[in-house]
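Notes to accompany the following structure.
The values are calculated or read from the model by the stated rules, or taken from the named source; none is laboratory data. Remember, predicted model here, so these are calculated numbers, not experimental data. So basically every Cβ, Gly included, is an ideal-geometry build from the backbone, and we count neighbours across all protein chains shown.
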Amino acid sequence: MNIRIRYFASLREIVGQSEEVLLVQEGGRVADVCALLLERYPRLQSVMDRCIYAVNRRYVTPETVLHDGDELVFIPPMGGGGPFKARFSVKEILCNH
Amino acid sequence: MQPLVQLTREPLDRDALVAAVSHPSVGGIVVFEGVVRDNARGKQVRYLEYDVYQEMAELQIRSIIAEARQHWGVEHVAVAHRFGRMEVGEASVIIAVSSPHRAEAFEACRYIIDTLKTTVPIWKKEVAIDGEEWVEG
């Protein structure tokens, strides 16, 4: 199946393009694509460790199973900061959305 | 009223956002404006570059606004975020919230900017005199 990957910010600069279509085995999960990309672009490793994931514009867990035509984006930390961060972890925030 | 959400490369129009939340029934309008600073963590910043996952950012901002409206009962909200290159002193984000009484408008505005900063896929690159980096929280 085909999965559309879009790259933003530091990921876009590392891979040198803003999107590509990857051929992924049926039943593949977000984590599998992550491993695939790390093989292809080893320099993604450090930022990938800090990424969260979105499929079709919604935050998902790495165990999420992908389907043909899905749009997958690896989301590096956003430049937030401020007092909000101290009170809530990003995970808690994402669970509420 | 449908909240106004704008993601644009163009300079932000504060007056238009304030007009969008103005209504005879409101008693207060709170505006937060984030502007580009000339320094960060001891570095001299030349300019900022913002990147955005536009389709998802818009959905996320709308969901944050919906939460704020539900929680504080604010009726009118407008959020604009600029992307691309921005010079020192220019506005990168403006949030306007109006409500019958000021307390709700202040709290909702604070909630929207804090949540936006940590959950909306928008990234900032600081280009300083001696190098550049994508800022992570």
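Inside segment B:118-137, can you point out the residues that are facing chain A (nearest Cβ under 8 Å) and not charged (D, E, K, R)?
B:118, B:119, B:120, B:121, B:122, B:123, B:134, B:135, B:137
Hand me the list of strands (runs of 3 or more DSSP E) wholly inside segment B:42-117 holding 1 or more residues that are more than 9 Å from chain A (Cβ to nearest Cβ), more than 20 Å from residue A:57 (Cβ to Cβ) and β-branched (Val, Ile, Thr).
Per the criteria, B:43-52, B:76-82, B:91-99.
In segment B:16-52, which residues are of a type in the set (S, T, N, Q) and either free of Cβ contacts under 8 Å to residues at least 12 places away in the same chain or within 19 Å of residue B:120 (Cβ to Cβ) (or both)?
The one that is of a type in the set (S, T, N, Q) and either free of Cβ contacts under 8 Å to residues at least 12 places away in the same chain or within 19 Å of residue B:120 (Cβ to Cβ) (or both): B:39.
Tally up the residues in segment B:88-133 that are farther than 22 Å from residue B:45 by Cβ, of a type in the set (Val, Ile, Thr) and either surrounded by fewer than 20 Cβ atoms within 10 Å (Cβ to Cβ) or touching a strand residue (DSSP E or B) at 6+ places or on another chain (Cβ under 7 Å) (or both), please.
Number of matching residues: 3.
Could we say that residue A:39 is out of contact with any strand residue (DSSP E or B) (no Cβ under 6 Å at 6 or more places or on another chain), surrounded by fewer than 20 Cβ atoms within 10 Å (Cβ to Cβ), at the interface with chain B (Cβ under 9 Å from one of its Cβ atoms) and at pLDDT 95 or above here?
In short, no.
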